[in-house]
Amino acid sequence: MIRDLVFVLLALLTVVPAFWVVFSRNIVHAGFALLFTLVGVAGMYGFLGADFLAVTQLMVYVGGVLVLVLFTVMMTHVPAAKRSRHGLDRLVPPAVFAAAVFGVLYKVITVVKWNVGEASTSPTTTEIGTQLMTNYIFPFEYVSIVLLAAMVGAAILIRERNHAGSDDAIAEEKQEARP
């Protein structure tokens, strides 16, 4: 009984803000609603016994990606775009797509034979760590090198952009100083 109640509460914490994300006209409000949706997904992972996925969901998506998106949205000022189409005709294609997705999900949920059992109480991190450091060490290290190269490249691009911008500012100041 308690497990069912916890599941329903976590499902509501995930689904209700997801609808808020979709139907919100304010992008900041949608971002904060996405926060609750991602926390609900992390709660579902924890409820199902996937402790590593729950913590990873919180740290990577909530702690990193969502905070970056929210800061980016709040720090930039983008003027509202004028909508070219008004009325229900702009809602028909997304509604058809949503109906198709829900149809496929319904078919999958009703056709698949779900094996329901008790959740494992042993931590999942031991097996994941063992696999990463034995069988998957090469892909793990390769991805870390690719991410390092991407970070260095981004830092170089930002430095070149800032350096070029400072040269333009110095040239403008010199031009203004001339009589």
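Things worth noting here:
- Burial ranking of peptide ranges 59-69, 26-36, 124-134 (average Cβ count within 10 Å, highest at the top): 26-36, 59-69, 124-134
- 3J(HN,Hα) along the stretch 19-26, derived from phi through the Karplus expression 6.51 cos²θ - 1.76 cosθ + 1.60 where θ = phi - 60°, amounts to 5, 4, 4, 5, 9, 6, 8, 9 Hz, with x in place of Gly and Pro.
- Karplus-derived 3J(HN,Hα) values for the stretch 39-51, using 6.51 cos²θ - 1.76 cosθ + 1.60 with θ = phi - 60°, are 5, x, 5, 4, x, 4, 4, x, 5, 8, x, 9, 4 Hz; glycine and proline are entered as x.
Computed from the coordinates by the stated procedures, all read-outs in this text should not be read as laboratory data. Bear in mind the structure is a predicted one, so any value in this text is a computation, not a measurement. In this analysis, Cβ positions are derived from the backbone assuming ideal geometry, glycine residues included, and neighbour counts consider all displayed protein chains.
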